[in-house]
Amino acid sequence: MALDLAAELKKNPFVLAPMAGITDCAFRTVMRDLGCGAVITELVSAHGIEYKSRKTLDLMRFDEGQRPVGIQLFGETPEILAEAARVVEDMGADFVDLNFGCPVPKVVKKGAGSAILKDLKAVEAVFRTVKAAVAIPLTVKIRTGWDESSRNASEVVHIAAEEGLSWVAIHGRTRSAGYSGEADWDFIAGVKAKARIPVIGNGDILTPETAVRRLRETGVDAVMIGRGCLKNPWIFSQAAGLWRQGEVPSVRKDFAWLFERLHDSMARQDGIEERVLMLQLKKFASWYSTGYPGASQFRRTIFQHETLAATRTAVASYFDGIAALIQADTSQEAFLMGGHG
Ligand SMILES: Cc1cc2nc3c(=O)[nH]c(=O)nc-3n(C[C@H](O)[C@H](O)[C@H](O)COP(=O)(O)O)c2cc1C
């Protein structure tokens with residue numbers, strides 16, 4: 001029987017946002033350990049699936065412990081997306097997620113990603129065709145609209161409900177806003193108020209307090225957190241504690257465990273080169289250092305290490321020194337201002 005995704009959101013309303021190049025199989029495993037709810041792969045090209053390229057199949061890989069796990073697809077035509085959705089179902093994923101939010105020119109030029117939002121007939125055709133192709137649930141992630149003058153998220157949610165989708169996740173910016181300004185949570189609340197299926201709100205959640213405030217104030221069924229967990233990997237368990245028990249639980253910031261788990265999870269991937277593993281660890285370490293004393297000096301030096309062993313030693317030494325310190329609020333600083341959704 002298909003999984004009841006609405007029930008899953010009730011169990012855990014703190015969902016990990018898909019982030020290309022970041023939320024791969026290894027990272028999702030660690031984030032599930034740290035308490036996030038459902039997870040979704042980064043966007044995968046439906047065309048790539050048709051040709052079964054090794055790289056594409058790698059992006060679609062998931063572990064049993066990640067369930068509920070969805071595979072996110074982007075593509076131009078309903079038929080290609082439906083064909084790809086069948087492959088997703090055969091792989092045993094819990095749900096298919098459609099990317100209607102990607103603002104990147106290479107994707108929208110072909111009519112994929114957020115470009116579909118410009119044409120509600122096309123939205124309906126994709127939903128209908130993909131839904132008919134699979135028995136597992138279908139979800140979609142959108143922006144509020146293409147631009148300020150065409151914010152049609154409510155219409156898209158209406159069509160999604162008519163066509164039997166299980167949820168709509170909304171990044172509270174238009175395609176033309178890119179990552180500038182702030183996510184418009186009042187708009188998301190307005191869409192949710194009229195929705196007949198679950199709505200997940202997304203954008204700029206950087207603290208457990210904000211996560212819970214957005215849930216309470218907007219009435220959304222869940223929130224999706226992306227960049228916030230790259231600054232604070234404990235945000236999911238802290239938010240869940242605040243939501244259920246009314247206060248943020250004190251978590252031990254066990255960076256040694258975190259980096260060990262990330263390392264081991266990445267190292268298990270078939271054919272991963274030591275150079276790639278080292279680079280990934282450097283990236284995570286530099287994000288997690290945000291707001292701690294000495295972070296800019298640490299970032300300058302960490303990328304100079306040439307071996308994995310030296311990188312791991314430097315990471316351990318820096319994070320041992322800061323784990324007991326308070327992380328400063330860096331919400332006003334630009335942080336990863338671009339992505340595929
Ligand atoms: C580096 C990066 C990659 C992203 N890749 C994807 C993606 O593959 N699919 C998608 O739907 N959204 C993608 N996004 C958008 C995020 O899922 C999310 O909507 C956005 O970052 C706003 O949420 P946040 O403020 O919590 O990060 C990406 C964002 C970033 C920063």
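The values are calculated or read from the model by the stated rules, or taken from the named source; none is laboratory data. All values reported here derive from a predicted model rather than from experimental measurement. So basically every Cβ, Gly included, is an ideal-geometry build from the backbone, and we count neighbours across all protein chains shown.
Cβ-Cβ contacts under 7 Å between residues 6 or more apart (or on different chains), taken from a first residue in segment 51-67 that is exposed (fewer than 14 other Cβ atoms within 10 Å of the Cβ) to a second residue that is in a helix (DSSP H, G or I) and of a type in the set (Val, Ile, Thr), are listed as Gly65/Thr29.
Residue-by-condition table, conditions (1) over 19 Å from Ala195 (Cα atoms); (2) out of contact with any strand residue (DSSP E or B) (no Cβ under 9 Å at 6 or more places or on another chain); (3) at pLDDT 95 or above:
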| position | (1), (2), (3) |
| --- | --- |
| Leu120 | no, yes, yes |
| Val134 | yes, no, yes |
| Leu138 | no, no, yes |
| Thr144 | no, no, yes |
| Glu148 | yes, yes, yes |
| Val157 | no, no, yes |
| Gly164 | no, no, yes |
| Arg173 | no, no, yes |
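Do you know which of the residues in segment 289-341 that are touching a Pro at 6+ places or on another chain (Cβ under 7 Å) and in a loop (DSSP other than H, G, I, E, B) is surrounded by the most Cβ atoms within 10 Å (Cβ to Cβ)? Explain how you work it out, then say what you get.
Here is the first cut: in segment 289-341, the residues touching a Pro at 6+ places or on another chain (Cβ under 7 Å) are 322, 325, 341.
Narrowing the set further to residues that are in a loop (DSSP other than H, G, I, E, B) leaves 325, 341.
Working: Leu325: 12, Gly341: 27.
Only one residue tops the list, namely Gly341.
Would a scan of segment 288-301 turn up a residue that is closer than 30 Å to Gln72 by Cα and within 16 Å of the ligand (Cβ to nearest atom)? Can you show your working first?
From segment 288-301, those closer than 30 Å to Gln72 by Cα are 288-290; that's our starting set.
Subsequent filtering for residues that are within 16 Å of the ligand (Cβ to nearest atom) retains 288, 290.
Yes, the conditions are met somewhere in segment 288-301.
Quick one: would you say Gly113 is more than 22 Å from Ser176 (Cα to Cα), in contact with a Phe, Trp or Tyr (Cβ under 6 Å, 6 or more places away or on another chain) and surrounded by 24 or more Cβ atoms within 10 Å (Cβ to Cβ)? Give the derivation first.
Working: more than 22 Å from Ser176 (Cα to Cα): no; in contact with a Phe, Trp or Tyr (Cβ under 6 Å, 6 or more places away or on another chain): yes; surrounded by 24 or more Cβ atoms within 10 Å (Cβ to Cβ): yes.
For Gly113, the condition - more than 22 Å from Ser176 (Cα to Cα), in contact with a Phe, Trp or Tyr (Cβ under 6 Å, 6 or more places away or on another chain) and surrounded by 24 or more Cβ atoms within 10 Å (Cβ to Cβ) - is not met.
Residues that are over 24 Å from Ala85 (Cα atoms) and either out of contact with any Leu (no Cβ under 9 Å at 6 or more places or on another chain) or within 15 Å of the ligand (Cβ to nearest atom) (or both): does segment 131-143 have at least one? No; the residues of segment 131-143 include none that is over 24 Å from Ala85 (Cα atoms) and either out of contact with any Leu (no Cβ under 9 Å at 6 or more places or on another chain) or within 15 Å of the ligand (Cβ to nearest atom) (or both). Within segment 97-107, the set of residues being within 13 Å of the ligand (Cβ to nearest atom) and not charged (D, E, K, R) comprises Leu98, Asn99, Phe100, Gly101, Cys102, Pro103, Val104, Val107. Restricting attention to segment 213-231, which residues are more than 13 Å from the ligand (Cβ to nearest atom) and of a type outside the set (A, V, I, L, M)? Hits for segment 213-231 are Arg213, Arg216, Glu217, Thr218, Gly219, Asp221.
Residues that are at pLDDT 95 or above and assigned to a loop (DSSP other than H, G, I, E, B) were ranked within segment 76-95; the one that is surrounded by the fewest Cβ atoms within 10 Å (Cβ to Cβ) is Gly92. Kindly indicate the residue of segment 189-209 that is surrounded by 18 or more Cβ atoms within 10 Å (Cβ to Cβ) and away from the ligand (no atom under 12 Å from the Cβ) and also nearest to Ala153 (Cα to Cα) among those meeting that condition. Taking the candidates together, the pick is Val191. Entry remark, segment 238-260: residues being closer than 14 Å to Glu209 by Cβ and either in contact (Cβ under 8 Å) with a residue 60 or more places away in the chain or crowded, with 16+ Cβ neighbours inside 10 Å (or both) number 7 in total.
Annotation note: of Leu73, Leu59, Leu98, Leu43, the sole residue that is in contact with a strand residue (DSSP E or B) (Cβ under 7 Å, 6 or more places away or on another chain), farther than 24 Å from Ile197 by Cβ, outside any loop (DSSP other than H, G, I, E, B) and in the same structural domain as Asn12 (by TED's automatic domain parsing) is Leu59. A single member of Phe27, Phe127 is assigned to a helix (DSSP H, G or I) and within 13 Å of the ligand (Cβ to nearest atom), and it is Phe27. Would it be correct to say that Val156 is more than 25 Å from Ala323 (Cα to Cα), in the same structural domain as Met31 (by TED's automatic domain parsing) and within 16 Å of the ligand (Cβ to nearest atom)? Here the answer is yes, as Val156 does meet what is asked.
The one condition from (1) over 24 Å from Leu281 (Cα atoms); (2) within 13 Å of the ligand (Cβ to nearest atom); (3) out of contact with any Asp or Glu (no Cβ under 7 Å at 6 or more places or on another chain); (4) not aromatic (Phe, Trp, Tyr) that Gln72 does not meet is (3).
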